[in-house]
Amino acid sequence: MLKVHFAPNSRAGRIIWLLEELKLPYEVNRMDFHPKDLKSDEHRSRHPLGRIPVLDDGDIRIYESGAIVEYVLERHKKGNLKPDVSKDNYPEYLQWFHYCEGMVMPPINTIIVQTLLLPEERRDENVLNQARKLLSKSLEPVNQALEGREYLIGNFSAADIMLGHACFMSNRLGCVNEEMLNMKSYVENINKRPAFQIAISMS
């Protein structure tokens, strides 16, 4: 059975969401988002930097959320939730799948560090404001792409699990402004999905 090493309010939520959408059986090793768990010798044996998520599949161990998503789709669901490489929307699918970690998550990471992880005396308001502006700017192309669509490439896909999770987080951080009507609707569509609700309830 698949085993997800998980901590709340993290990218590991993507993996729970994916497995719930695919109706695959799995078990969860739940940890606190705290160095006592993530930086322990036990967890460093799973991930050398003490990060999550990590997926165990028998003797196979893999980390990085995007890699885990691609692995599960190919090994366990014959490519479900992604268009065939011959389809016209495959390049767009790839773009949004990877846009998340390339453009959206870096400023989210900075915001979380500056508001939650650093002690108050080490926080920098200028760095925080720059990250918020960059995040809103990074979301503008996504908002435009969603015009007339419920999901990124039309039908729900694994690109929504990657980027949609980040859009939900961005909205929760207050970085999806009220003018981004398409993005607001998109976040609502995601939030209505039962599999997503299960993933978020674990956070």
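The values are calculated or read from the model by the stated rules, or taken from the named source; none is laboratory data. Note that the structure is a prediction, hence the values are computed from the model and not measured. Ideal geometry is used to build each Cβ from the backbone, glycine not excepted, and the neighbour counts take in all protein chains shown.
Could you tell me which residue of segment 82-126 is farthest from Ile15 (Cα to Cα), considering only residues that are in a loop (DSSP other than H, G, I, E, B), of a type outside the set (Gly, Ala, Ser) and out of contact with any helix residue (DSSP H, G or I) (no Cβ under 6 Å at 6 or more places or on another chain)?
In this case the residue turns out to be Asp124.
Across segment 8-25, what is the number of residues that are within 25 Å of Cys100 (Cα to Cα) and either in contact with a Cys (Cβ under 8 Å, 6 or more places away or on another chain) or not hydrophobic (A, V, I, L, M, F, W, C) (or both)?
Count: 9.
Pairs please, first residue from segment 27-38 and without any contact (Cβ under 8 Å) to a residue 40 or more places away in the chain, second anywhere and part of a strand (DSSP E or B) and of a type in the set (D, E, K, R), Cβ atoms under 8 Å, 6+ apart in sequence or on different chains.
Close Cβ pairs satisfying both conditions: Glu27/Lys3; Asn29/Lys3.
If I ask for residues that are closer than 26 Å to Phe33 by Cα, crowded, with 18+ Cβ neighbours inside 10 Å and either of a type in the set (Phe, Trp, Tyr) or in contact with a Gly (Cβ under 7 Å, 6 or more places away or on another chain) (or both), which ones from segment 96-126 would you list?
Listed by number, the residues that qualify are Phe97, Tyr99.
Do we have any residue at all in segment 117-134 that's at pLDDT 95 or above, within 22 Å of Trp17 (Cβ to Cβ) and not assigned by TED's automatic domain parsing to the domain that holds Gly66?
Within segment 117-134, not a single residue is at pLDDT 95 or above, within 22 Å of Trp17 (Cβ to Cβ) and not assigned by TED's automatic domain parsing to the domain that holds Gly66.
Do any residues in segment 180-203 that are free of Cβ contacts under 8 Å to residues at least 12 places away in the same chain have Cβ atoms under 7 Å from those of residues that are loosely packed, with under 13 Cβ neighbours inside 10 Å and charged (D, E, K, R), where the two are at least six apart or on different chains, and which pairs are they?
Listed by first residue and then by second, the contacts come to nothing, as the list is empty.
Which residue, of Ile52, Ile16, is touching a residue at least 12 places away in the same chain (Cβ under 8 Å) and in a helix (DSSP H, G or I)?
One residue alone meets the criteria, Ile16.
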